[in-house]
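Visitor: Before we start, here is the structure in question, set down as C-alpha cells.
The values are calculated or read from the model by the stated rules, or taken from the named source; none is laboratory data. Every value quoted in this text rests on a predicted model; they were computed, and no experiment measured them. Cβ sites come from the backbone with ideal geometry, for glycine too, and all protein chains shown count toward neighbours. In case anyone asks, the SASA skips ligands and DNA or RNA and just uses the protein heavy atoms, side chains included. Shrake-Rupley method; radii C 1.70, N 1.55, O 1.52, S 1.80 Å.
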Amino acid sequence: QAQLVESGGDLVQPGGSLRLSCAPSGSSFRIYAMGWYRQAPGKEREWVASITEDADTVYADSVKGRFTVSRDNAKNTMYLQMNSLKPEDTAVYYCKAAVSSPPLTWRYDIWGQGTQVTVSS
C-alpha cells in the first residue's frame, strides 16, 4: 500500500522558520506531481504549493515569497521550506502526490497523515 509520511512540524515563534519533509513508505510506486496543503482549526483544507516532476513550482498568494517547495527525485521526497512564519500559518500540513504502481500506469492520489505546525510566541 502506497503511503506518504510528513515530518518536521513543530512549535515556532513568529518570524521563525521550519522545513517539512514528505517521503513515501510502503510498496514502490512512481511519483508525479506533488503538493502541500494545510488545514487550520475550524477551516477547510487549502492548497499551499505544488511541484511537478520537472520541479516547476506554483504557490498560493498567502505564502508566495515566504515558502519554497522542492523535491529530491532520487529519494522521492518533497520539502517545504517555510520562512517568516506568521500565526496564521498555524495548521496541520499535509502532502499529496499523484502516483502509479508499476507495471500499472493509471494514476491516483495519495495523502500523508499530516504534521502540526504551530506559530506562536
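Visitor: Could you grab me the full set of residues in the stretch 5-47 that are of a type in the set (G, A, S), part of a strand (DSSP E or B), touching a residue at least 60 places away in the same chain (Cβ under 8 Å) and surrounded by 14 or more Cβ atoms within 10 Å (Cβ to Cβ)? Break it down into steps so the answer makes sense when it comes.
Guide: Filtering the stretch 5-47 for residues of a type in the set (G, A, S) gives 7-9, 15-17, 21, 23, 25-28, 33, 35, 40, 42.
Now drop any that are not part of a strand (DSSP E or B), which leaves 7, 21, 23, 25, 33, 35.
Within this subset, residues satisfying the condition of being touching a residue at least 60 places away in the same chain (Cβ under 8 Å) are 7, 33, 35.
Of everything in the stretch 5-47, those that are of a type in the set (G, A, S), part of a strand (DSSP E or B), touching a residue at least 60 places away in the same chain (Cβ under 8 Å) and surrounded by 14 or more Cβ atoms within 10 Å (Cβ to Cβ) turn out to be A33, G35.
Visitor: Sticking with this structure for a sec: Which of the numbered conditions does A91 fail, given that it passes all the others? Conditions: (1) more than 18 Å from S28 (Cβ to Cβ); (2) aliphatic (A, V, I, L, M); (3) touching a residue at least 60 places away in the same chain (Cβ under 8 Å).
Guide: (3)
Visitor: Further question on the same structure: Output the number of residues of the stretch 109-121 satisfying the condition of being under 16 Å from R19 (Cβ atoms), over 13 Å from the mean Cα position of the chain (by Cα) and open to solvent by 20 Å² or more (accessible area, probe 1.4 Å).
Guide: 1
Visitor: Looking only at the stretch 95-108, how many residues end up being modelled with pLDDT of 95 or more and surrounded by fewer than 15 Cβ atoms within 10 Å (Cβ to Cβ)?
Guide: Within the stretch 95-108, residues that are modelled with pLDDT of 95 or more and surrounded by fewer than 15 Cβ atoms within 10 Å (Cβ to Cβ) number 0.
Visitor: Then there is this: Identify all residues within the stretch 68-84 that are touching a residue at least 12 places away in the same chain (Cβ under 8 Å), surrounded by fewer than 22 Cβ atoms within 10 Å (Cβ to Cβ) and at negative phi; write none if there are none.
Guide: Correct list: T68, S70, R71, N73, K75, T77, Y79, Q81, N83.
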